[in-house]
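Novice: Have a look at the structure that comes next, please.
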Amino acid sequence: MGKTNHIPVLIVGGGPTGLFLALSLRQLGIDCRVIEKKETRTQHSRSIGIHPPSLELFDRQGLIEPFLEEGILIRKGHAYLNQSRIGSVSFDSLPGRHQYVLSLPQSQTEAILEAACQEMDSSMVCRGVTLTSYETTQDGVRVHMQDTEGTDGDVGGHGAEGSEGASEVTTCDVLVGCDGKSSVVRELTGIEFDGSNYPDTYMMGDFEDTTPFGEDAMITLHQDGLVECFPLTKGRRRWVVKTAQYVDAPTEQELKEIVAHRTGYDLHQAPCTMISSFGVQHFIAETFAKGRVVLAGDAAHVVSPIGGQGMNLGWLDGEALAKALQAFLLTQDERHLQDYSKRQRAVARQAGKRAEWNMRLGRSFKNRWVKQCMLFLFVRTPIQRVLAQLFTMQKLGAWRV
Ligand SMILES: Cc1cc2nc3c(=O)[nH]c(=O)nc-3n(C[C@H](O)[C@H](O)[C@H](O)COP(=O)(O)OP(=O)(O)OC[C@H]3O[C@@H](n4cnc5c(N)ncnc54)[C@H](O)[C@@H]3O)c2cc1C
C-alpha cells in the first residue's frame, strides 16, 4: 500500500458494499480508499440476485452495461406445490426500466465493481491490507493497518494479532466498516450486533442446466421443504433445497436426490461446479454510526439469503451513506451520520421481515390445502403484483437520506 497520510474516507472491506460505496463517493467528488485484506478475489458464486432498485443505482452511476452484458435477466418465476404447477409470477408489472432480477455470481459482480474503481483511480483499492486497530482523535480517526503478506489473511476477533506483515498508520475524517458479518470495525467500536440463528438450514449447488426453465426461476413448495432454482451464467443453474438439519459435508448426490424426490427433475447427468450448505441468521447493529465510525452492508445487518437481499441492502446503504458523508464532510455535523443510521436501520429491519416471510413460506408443512390456497391467491389474483414487488425489493428505500 502506498503511503497515504490523510484520506477523507477510509473504507475497510472490498466486498460489494465497500466497492460500491467507493464508486458513489468518487461520483460525488470525495476522495476515498478501500483496504481489503484478501490479496485476490474469492471465486465463490455466493450471491446471485441483483434486484431492480440496485440496477437503477448502477444505471444512475453509468455502471449498468457490464452487468447487462454478463448477467441473465430473470423475468418470471414458476410456482409448484409438490409437483403440481400452480402458476407464474411475472415481473413485467414492475415500475421502471429494469423489470427483472439480474442473475450474476457475486465473484463477477465484484470483478465489475473493482474494475470500475481501477478505471477511476488505480490506487483506490488496496488489496492485501488488513485493518488491525484504530483510535479516534480530536478531528478524525487514526487507523493502523498491516500488509496481509505474512499473515493467514483471516482477521478473526480483534485483528491479525501476531502477524508479520509491514504496518502502516493513516488518518481519515471518517472510517467506514464494510468488512462483513464478523466486522472488526464493529467489534473495535463496541457496537452490539443483536440477533440470532433461525432453525432453517439449506443445501445449495450449481449444476449444468438440464431443465426446461431457460431464463426463468422456479420455486417448489414441497411438504418436506422448499426447492428453488435460478438460471446462472455459462449454462448453469443454482439449486437451493431446505434440509431438516445442517449438513456438515454436503454431497452432490444428496442434493440431487432431494431435487428428484421433491420436483421430479433428474440432475444425475448434470455436472456440478459448487456445493455447500448454510444456516440462516438475522443480526442488526444497535447503531450504524458512532462518532466518526460508520458501518454498512453485512457489517451492519445480516438477513436470510432466502429472497436474496443481503448484497442489495449493502448497495442501498452505500447510496445513502455517500450522501450522508458528503453532508458531514461539508458541515462536520455528526447528525448526518446519525440520520443515515436511523434510516438504513429501518430499511434493514423491513428487509429482514420480508426475508423471514420468504423463509417461512418454504418450510415443510402438513396441511397441503392451506398452502395451496395461499399459492393460488399469490399467483392467480392481483396479489401477484404485490408478490412480484416484495420479491424484488420494491419500495424498501422509499425513506432515503
Ligand atoms: C449462500 C449465500 C447466498 C446469498 N445470496 C444472495 C443473493 O442472491 N442476493 C443478495 O443480495 N445477497 C445474497 N447473499 C448475501 C451476500 O453474499 C452478502 O450480503 C454480501 O456479500 C455482503 O457484502 P459486504 O460487502 O457487505 O460484505 P462481504 O462480502 O463479507 O465483504 C467484506 C470484505 O471485507 C474484508 N475484510 C474483513 N475484515 C477486514 C479487515 N480487518 N481489513 C480489511 N478487509 C477486511 C473481507 O475480506 C471481505 O472481502 C448470500 C449469502 C450467502 C451466504
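Novice: Given the criterion of a type in the set (A, V, I, L, M) and within 30 Å of residue 36 (Cα to Cα), identify the matching residue among 247, 259, 240. Steps first, answer last, please.
Specialist: Numbers: 247 fails: within 30 Å of residue 36 (Cα to Cα); 259 fails: within 30 Å of residue 36 (Cα to Cα).
Exactly one residue qualifies, and that residue is 240.
Novice: When the residues of region 175-209 are narrowed to those that are in contact with a helix residue (DSSP H, G or I) (Cβ under 6 Å, 6 or more places away or on another chain) and farther than 25 Å from residue 239 by Cα, which ends up nearest to the ligand (Cβ to nearest atom)?
Specialist: Step one: filter region 175-209 for residues in contact with a helix residue (DSSP H, G or I) (Cβ under 6 Å, 6 or more places away or on another chain), giving 177-181, 183, 186, 200, 203, 205.
The next check asks that each one be farther than 25 Å from residue 239 by Cα; those that pass are 177-179, 183, 186.
On the way: 177: 8, 178: 5, 179: 4, 183: 7, 186: 10 Å.
Per the stated criteria, the residue is 179.
Novice: Considering only residues of region 219-258 that are of a type in the set (Phe, Trp, Tyr) and within 27 Å of residue 72 (Cβ to Cβ), which is surrounded by the most Cβ atoms within 10 Å (Cβ to Cβ)? Break it down stepwise before answering.
Specialist: Of the residues in region 219-258, the ones of a type in the set (Phe, Trp, Tyr) are 230, 239, 246.
Subset that is within 27 Å of residue 72 (Cβ to Cβ): 230, 239.
Working: 230: 24, 239: 26.
Only one residue tops the list, namely 239.
Novice: Here's something else I'd like to know. Just give me the residues in region 272-323 being assigned to a loop (DSSP other than H, G, I, E, B) and at pLDDT 95 or above, in sequence order.
Specialist: So in region 272-323, the residues assigned to a loop (DSSP other than H, G, I, E, B) come out as 286-288, 291-292, 296, 300, 303-309.
Residues satisfying the conditions are 286, 287, 288, 291, 292, 296, 300.
Novice: Given the criteria surrounded by fewer than 17 Cβ atoms within 10 Å (Cβ to Cβ), among the hydroxyl-bearing types (Ser, Thr, Tyr) and not assigned by TED's automatic domain parsing to the domain that holds residue 178, does residue 123 qualify? Talk me through it step by step, then tell me what you get.
Specialist: Working: surrounded by fewer than 17 Cβ atoms within 10 Å (Cβ to Cβ): yes; among the hydroxyl-bearing types (Ser, Thr, Tyr): yes; not assigned by TED's automatic domain parsing to the domain that holds residue 178: no.
Against the criterion (surrounded by fewer than 17 Cβ atoms within 10 Å (Cβ to Cβ), among the hydroxyl-bearing types (Ser, Thr, Tyr) and not assigned by TED's automatic domain parsing to the domain that holds residue 178), residue 123 does not qualify.
Novice: Go through region 253-271 and count every residue that is more than 27 Å from the chain's Cα centre (by Cα) and assigned to a loop (DSSP other than H, G, I, E, B).
Specialist: So the answer is 7.
Novice: Consider residue 134 against the criteria (1) surrounded by 20 or more Cβ atoms within 10 Å (Cβ to Cβ); (2) touching a His at 6+ places or on another chain (Cβ under 8 Å); (3) modelled with pLDDT under 90: it satisfies all of them except one. Which criterion is unmet?
Specialist: Among (1) surrounded by 20 or more Cβ atoms within 10 Å (Cβ to Cβ); (2) touching a His at 6+ places or on another chain (Cβ under 8 Å); (3) modelled with pLDDT under 90, the lone unmet condition for residue 134 is (3).
Novice: Scan (1) in contact with a Cys (Cβ under 8 Å, 6 or more places away or on another chain); (2) crowded, with 17+ Cβ neighbours inside 10 Å for the single condition residue 76 breaks and write down its number.
Specialist: (1)
Novice: Being assigned by TED's automatic domain parsing to the domain that holds residue 20, over 14 Å from the mean Cα position of the chain (by Cα) and crowded, with 24+ Cβ neighbours inside 10 Å: is that true of residue 321 here? Before you say what the answer is, go through the steps one by one.
Specialist: Values: assigned by TED's automatic domain parsing to the domain that holds residue 20: yes; over 14 Å from the mean Cα position of the chain (by Cα): yes; crowded, with 24+ Cβ neighbours inside 10 Å: yes.
When the stated conditions are applied, residue 321 passes them.
Novice: Residue 377: in a helix (DSSP H, G or I) and either modelled with pLDDT under 65 or in contact with a His (Cβ under 7 Å, 6 or more places away or on another chain) (or both), yes or no? Before the answer, list the steps.
Specialist: Details: in a helix (DSSP H, G or I): yes; either modelled with pLDDT under 65 or in contact with a His (Cβ under 7 Å, 6 or more places away or on another chain) (or both): yes.
Yes.
Novice: From 208, 192, which residue is within 22 Å of residue 283 (Cβ to Cβ) and surrounded by fewer than 21 Cβ atoms within 10 Å (Cβ to Cβ)?
Specialist: On the way: 208 fails: within 22 Å of residue 283 (Cβ to Cβ).
192 is the lone residue from the list that is within 22 Å of residue 283 (Cβ to Cβ) and surrounded by fewer than 21 Cβ atoms within 10 Å (Cβ to Cβ).
Novice: Follow-up. Of all residues in region 84-128, count the ones that are in a helix (DSSP H, G or I) and closer than 25 Å to residue 218 by Cβ.
Specialist: First, pick out the residues of region 84-128 that are in a helix (DSSP H, G or I): 106-120.
Adding the requirement that they be closer than 25 Å to residue 218 by Cβ leaves 106-109.
The qualifying residues number 4.
Novice: Among the candidates 17, 42, which residue alone is on the phi < 0 side of the Ramachandran plot, surrounded by 21 or more Cβ atoms within 10 Å (Cβ to Cβ) and either part of a loop (DSSP other than H, G, I, E, B) or within 7 Å of the ligand (Cβ to nearest atom) (or both)?
Specialist: On the way: 42 fails: surrounded by 21 or more Cβ atoms within 10 Å (Cβ to Cβ).
Just one listed residue meets the conditions, 17.
Novice: Here's a follow-up. Looking at region 278-303, which of its residues are within 9 Å of the ligand (Cβ to nearest atom) and among the small types (Gly, Ala, Ser)?
Specialist: 296, 297, 299, 300
The values are calculated or read from the model by the stated rules, or taken from the named source; none is laboratory data. Just so we're clear, the structure is a prediction, and the values are computed from it rather than from any experiment. Cβ: placed from backbone, ideal geometry, glycine included. Neighbour counts: every protein chain shown.
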